[in-house]
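Worksheet: the structure to be examined is printed underneath.
Each reported figure results from applying straightforward, stated rules to the coordinates on display, with no laboratory input. All values derive from a computational prediction rather than experimental measurement. Cβ sites come from the backbone with ideal geometry, for glycine too, and all protein chains shown count toward neighbours.
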């Protein structure tokens with residue numbers, strides 16, 4: 001068990017390009033969360049999966065954002081037609097049905 | 001509305017001294033969990049301490065303890081014998097539907 005793994009750690013992309021991030025949760029964790037964190041702010045909730053089902057999406061998750069968790073294992077977060085406002089740290093967290101999350105190290109996205 | 005408020009953007013403390021970080025929250029739930037997370041400059045969020053609202057006894061983890069006032073919806077973190085390694089952002093997290101909501105954080109600097 002190596003914890004929650006996120007790849008890549010850093011991504012620089014040009015405005016208008018598509019990007020995809022991956023999160024591998026702790027293997028037995030059935031819940032997976034995506035958060036976005038901008039500089040100097042706390043994490044903001046984006047979306048939540050229980051197993052393969054996406055149970056909640058934030059209003060922050062515009063039509064350009066999509067997340068999947070096929071087979072209830074790893075998850076991907078895709079951003080289409082990136083904008084400079086998408087620049088942020090994207091955090092993944094996982095948990096069992098009990099309280100508290102384990103976070104990954106995050107993917108830092110810079111849109112230039 | 002489910003909200004978490006941290007009113008101290010920055011704090012500093014001398015090494016070996018005690019510091020208290022404040023957090024207030026709002027929820028309509030009766031039983032829930034509250035958390036303090038630490039985010040060092042490496043950016044990975046680490047769980048510091050958690051409190052179950054059902055329990056009246058304040059949680060303690062080594063040098064970290066909380067003062068939980070359920071009626072006031074207040075949840076402060078006390079760090080005793082502060083160490084240089086405690087320098088980090090600290091986030092309070094409270095209950096939301098299917099997920100936890102984070103405050104905007106307190107930047108703590110421990111001074112040598």
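For the pair residue A:80 and residue A:28, a Förster radius of 35 Å applied to the C-beta separation gives a FRET efficiency near 0.65, rounded to the nearest 0.05. Scaled against 2.2 N^0.38 Å for its residue count N, the alpha carbon radius of gyration of region A:1-91 is 1.05. Eigenvalues of the alpha-carbon gyration tensor of chain B, scaled by 5 and square-rooted, set the equivalent ellipsoid semi-axes at 23, 15, 12 angstrom, largest first.
Between residue A:68 and residue B:112, the FRET efficiency estimated from the beta carbon spacing at R0 = 35 angstrom works out to 0.15.
Among the residues of A:50-63, the average count of other protein chain beta-carbon atoms within 10 Å of the residue beta-carbon is 1. What the Cα convex hull of region A:41-105 gives, in volume per residue, is 106 Å³. By the Stokes-Einstein formula, at 1.567 mPa s and 4 °C, region A:67-112 with its Kirkwood radius over alpha-carbon pairs has D equal to 104 µm²/s. Find, to one decimal place in angstroms, the Kirkwood hydrodynamic radius of the protein assembly as shown, where the mean of 1/r is taken over every pair of different Cα atoms and then inverted. Averaging 1/r across every pair of different Cα atoms and inverting gives 18.1 Å. Per-residue mean of foreign Cβ neighbours for B:21-33 is 0 (Cβ atoms of other chains, 10 Å radius).
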